[in-house]
Amino acid sequence: MQSLTLEANAKINLSLDVTGTRPDGYHLLTTVMQSVSLSDRVYLELDRQGNGLILLANDLSIPLNDRNTAHKAARLFLDAAGIDAGVRIFLEKAIPTEAGLAGGSTDAAAVLYGLNELCGSPLSMKQLLELAVKIGADVPFCLVGGTALCTGVGEILTPLEAFARVPLILIKPDFGISTPWAFQRYDENPATSHPNHSRLFSAMQRHDLKAMQDASVNVLESVSLTAHPVLDSLKQHLLDLGAGMALMSGSGPTIFGLFRETAHRDRAHAALEKRLPDGYQIFSVTTRGQGLRVI
């Protein structure tokens, strides 16, 4: 029995623009994705004498069958690599679900990467990325991690200068937002404000958070913040507490705030704990230079 444990990091969107729709209905995106230190642990076991795919998790609210992205990733990998083996996966979840943080996508990426390692790397990174996009738009980025401009439906990755070790706070309210719901509502009422990516890239290189705030937009905020006005209040709380930039990640509902100093972030975290309702989750994390790590 071979085994491997991976750290699978969440992501945030430092910008998100919808640039069109493909004939099959998938939305074309231009988004800057960034790995953060909030992470799940993915435990993998490969039994070349066994059969079947077993998925377990510490979170009983997630599906443990082929509806789960980790399960899909394992089946796709085994079929693509032509390997007949038993696989056991245990997900130790820390990333909230339906949060806009790619919790399911990063688990799937970890399964693809980890099984490839356990099997002696029969597939190239290009092949793994081709499998990743079949699972979900965020999975290719989660496979590579770090800082990247993602286009197409998310599968075209252009690495950017690392934006690592920046302290931030994530606030996840006590409700989720479905990504299909957000895009459907966006189609009905598109945003009128869009990110200026050339200005954003320049600001990121200077670590000028205020300039990043001025240049960046997540167009899905026009939908999610309208439906849930508390999200706009959370953004303002973070800015009032010293964040240089605050934005919704993905389709939400998680709001993040970037800070110049760890001490400033920690003071903001303490203040938020006193004022936010029960059921809201607050995470103090940092941006990361990678998205997956064997541990």
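No lab work stands behind these numbers, since they all come straight from the coordinates. Predicted model, so just to flag it, every value in this text is computed and none were measured. No Cβ is skipped: glycine too gets one built from the backbone with ideal geometry, and neighbour counts run over all protein chains shown.
In a simple Cβ point-charge model (Lys, Arg +1; Asp, Glu -1; nothing else charged), region 2-161 has a dipole of about 140 debye relative to its Cα centre. Averaged over residues, the count of other Cβ atoms within 10 Å places the peptides 259-270, 160-171 in the sequence 160-171, 259-270, highest first.
Angle of helix 179-188 to the longest C-alpha principal axis of the chain, folded into 0 to 90 degrees and rounded to 10: 50°. The fraction of all Cα pairs in the chain landing in successive 5 Å bins from 0 to the largest distance is 1, 6, 13, 17, 18, 16, 13, 9, 5, 2, 1, 0, given as whole percents. Debye-formula intensities of region 51-117, expressed as log10 I(q)/I(0) at q = 0.14 Å⁻¹, are -0.38 (one equal scatterer per alpha-carbon, no solvent). Counting only Cβ charges, +1 for Lys and Arg and -1 for Asp and Glu, the dipole size of region 140-295 around its Cα centre is about 460 debye.
Working note: Cα atoms of region 167-286, range along each principal axis, descending, whole Å: 42, 38, 20.
Each residue, Thr151 and Ser233, gets one label point 7 Å from its Cα in the Cβ direction; the gap between the two is 4.0 nm. Each Lys and Arg adds +1 at its Cβ and each Asp and Glu adds -1 at its Cβ; summed about the Cα centre, the chain shows a dipole of about 500 debye. A DSSP coil position with no more than 10 other Cβ atoms inside 10 Å describes the following trypsin sites (Lys or Arg not before Pro) in region 43-106: Arg67. Only Cα pairs under 8 Å and 6+ residues apart enter the sum, and on that basis the relative contact order of the chain stands at 25 percent. Counting only alpha carbon atoms, the long axis of helix 103-118 and the longest principal axis of the chain meet at about 40°. Ranking Ser178, Met204, Val217 by how far each Cα lies toward the positive end of the dipole of region 167-286 (charges on Cβ) leaves Met204 at the top. Over the chain, DSSP H runs of length four or greater, each weighted -39,500 (n - 2.57), average out per residue to a 222 nm ellipticity of -10500 deg cm²/dmol. Between the helical axis of 69-81 and the longest alpha-carbon principal axis of the chain there is an angle of about 40 degrees.
Note on the chain: lysine pairs with Cα distance below 18 Å, sequence gap of 8 or more or different chains, count 11.
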